[in-house]
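Student: Mind looking over this structure? Questions follow.
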Amino acid sequence: MFRIVKPKTEEDFDRYFSFRWQYLRQPWNFPPGSEKDEYEQVAEHRMIVNGAGEIVATGRVHLNTAEEAQIRHIAVHADFQRRGLGQMILGALEGVARDMGATRAVTNSREISIEFFSACGFSIEREAPNELGMLKRQQMVKKLTDLSTLVLHPKWCKELQDTWTDTIPITEHMGIKLYQYTGRTLETRASLNKNINIHGTMFAGSIFSLATLTGWGMIYLLLKEKQLMGNIVLGDGDIHYHKPITMKPRAICNIETVNGKFTLLEKRKKCKIVLQVDILDDENAVAEFRGEFWVLPQTPKEEK
């Protein structure tokens, strides 16, 4: 399980900056401290931690102008690369930039990172100043107003959102929206105002519905990825609530929590998929949902 968190304590920041130095400065023999600059106090910092609380990725964003946000210092632990964590931390930073009102994101990319940022919707604008006087970089830009840049396979994601709207109309009334899909992580969000109780917090039933739909949606998109078809039903769901939601309801499902044999569908057999959905209030973890879903093979009539 991976979670995006915001460093808050002095110990958090010590670990955060140590990680940045280890992956972004030490390989070029720069001393500790070189990983920091004059924007640290005005920037928003994010890191991804695993189930043991260990940092596996970091990133930072700050505003250059009211419309432009600069993304810097994205790093992923060597043991966790090529698992979608780069896209996950970048997506979180873009979300922060949007919340701050930015409509454009820029990043100064080294040559080895250009392919990554290009795949995430950035394009080269011009050559940027060398980093620390020696590392060549290109300035890359991305508009933050186009929803299709938020998600991998935007057509599938639109189909999923339309399916929810058409077959489960209450999702529209609850304000449940697909926020981001990277191929390994699905994030959905809901409107607090549309699900608020007399205590000013989100209804427990609404939280359960958000978690269930997120797990259902993850399976829907994974079936698309695997070029399989089936009818998804919830067999059992268990949720543990720790804190109320008072700000921004979010639900995140990571592919690492998904367990099941999708290949059974190729033999026209039903398959059980077990997964976990983490519920957050903005950046704070508030609940965990464990769902057991069944994917039933479609009948010949349904496949036509």
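Every read-out reported here was derived from the displayed coordinates using simple, explicitly stated rules and does not represent laboratory data. Here the structure is a predicted model, which is why all the values come from computation and not from measurement. Neighbour counts run over all protein chains shown; Cβ positions are idealised from the backbone, glycine included.
Student: Sort the range 3-145 into rounded, prolate or oblate with this rule: let a ≥ b ≥ c be the square roots of the eigenvalues of the Cα gyration tensor; rounded if a/c is under 1.5, and if a/c is not under 1.5, prolate when a/b is larger than b/c, oblate otherwise. Working shown, then result.
Tutor: On the way: a/c = 1.38, a/b = 1.18, b/c = 1.17.
Taking the square roots of the gyration eigenvalues as a ≥ b ≥ c, the range 3-145 is rounded.
Student: Something else now. Quick one: compute the contact order of the range 3-145, relative version, from alpha carbon pairs under 8 angstrom and 6+ residues apart, as a percent. Walk me through the numbers before you get to the answer.
Tutor: Working: 239 pairs, mean separation 25.4, N = 143.
Result for the range 3-145 is 18 percent.
Student: Once Rh for the range 1-59 is found with the Kirkwood sum over Cα pairs, what is the Stokes-Einstein diffusion coefficient at 20 °C and 1.002 mPa s, in µm²/s? It would help to have the intermediate numbers written out before the result.
Tutor: Values: Rh = 12.0 Å.
Rounded, D is 179 µm²/s.
Student: Turning to a different aspect of this structure: Which entries of K194/K226; K8/K142; K224/K267; K6/K155 have Cα-Cα distances beyond 23 Å here?
Tutor: Too far apart for the 23 Å limit: K194/K226; K8/K142; K6/K155.
Student: Hey, another quick one. Got a sec to turn the phi values of the range 192-205 into Karplus ³J(HN,Hα) couplings, 6.51 cos²θ - 1.76 cosθ + 1.60 with θ = phi - 60°, whole Hz, x for Gly and Pro?
Tutor: 5, 4, 7, 9, 8, 9, 5, 8, x, 10, 7, 4, 4, x
Student: Here's a follow-up. So how many Å³ per residue does the convex hull of the Cα atoms of the range 149-304 work out to? Numbers along the way, then the final one.
Tutor: Values: hull volume 17.0 nm³, N = 156.
Once divided by residue count, the hull of the range 149-304 is 109 Å³.
Student: For the range 108-119, in order, what is each residue's ³J(HN,Hα) by Karplus, 6.51 cos²θ - 1.76 cosθ + 1.60 with θ = phi - 60°, in whole Hz (x at glycine and Pro)?
Tutor: 9, 9, 6, 4, 6, 9, 4, 4, 4, 5, 4, 5
Student: Trypsin sites (Lys or Arg not before Pro), restricted to the range 82-130: which are DSSP loop and have at most 12 other Cβ atoms within 10 Å?
Tutor: Numbers: sites: R82, R83, R98, R104, R110, R126; in loops: R82, R83.
Filter output for the range 82-130: R82.
Student: Could you work out the equivalent-ellipsoid semi-axes for the range 102-229, taking the square root of 5 times each eigenvalue of the Cα gyration tensor, largest first, in whole Å? The partial results should precede the final answer.
Tutor: Details: eigenvalues 264, 71, 28 Å².
Equivalent ellipsoid of the range 102-229: 36, 19, 12 Å, largest first.
Student: Based on Cβ point charges of +1 for Lys and Arg and -1 for Asp and Glu, what charge dipole magnitude is obtained for the range 41-170 about its Cα centre, in debye rounded to the nearest 20? Show your work: numbers first, answer last.
Tutor: Details: 15 positive and 16 negative charges, 53 e Å.
Roughly 260 debye, rounded to the nearest 20.
Student: Taking K270 as the anchor, which aspartates and glutamates have their alpha carbon closer than 16 Å to its alpha carbon, excluding any fewer than eight residues away along the same chain?
Tutor: D236, E292, E302, E303
Student: Here is a further query. Which one of M247, V61, M229 has its Cα pushed farthest toward the positive end of the charge dipole of the chain, where Lys and Arg give +1 and Asp and Glu give -1 at the Cβ?
Tutor: Final value for the positive-end residue is M229.
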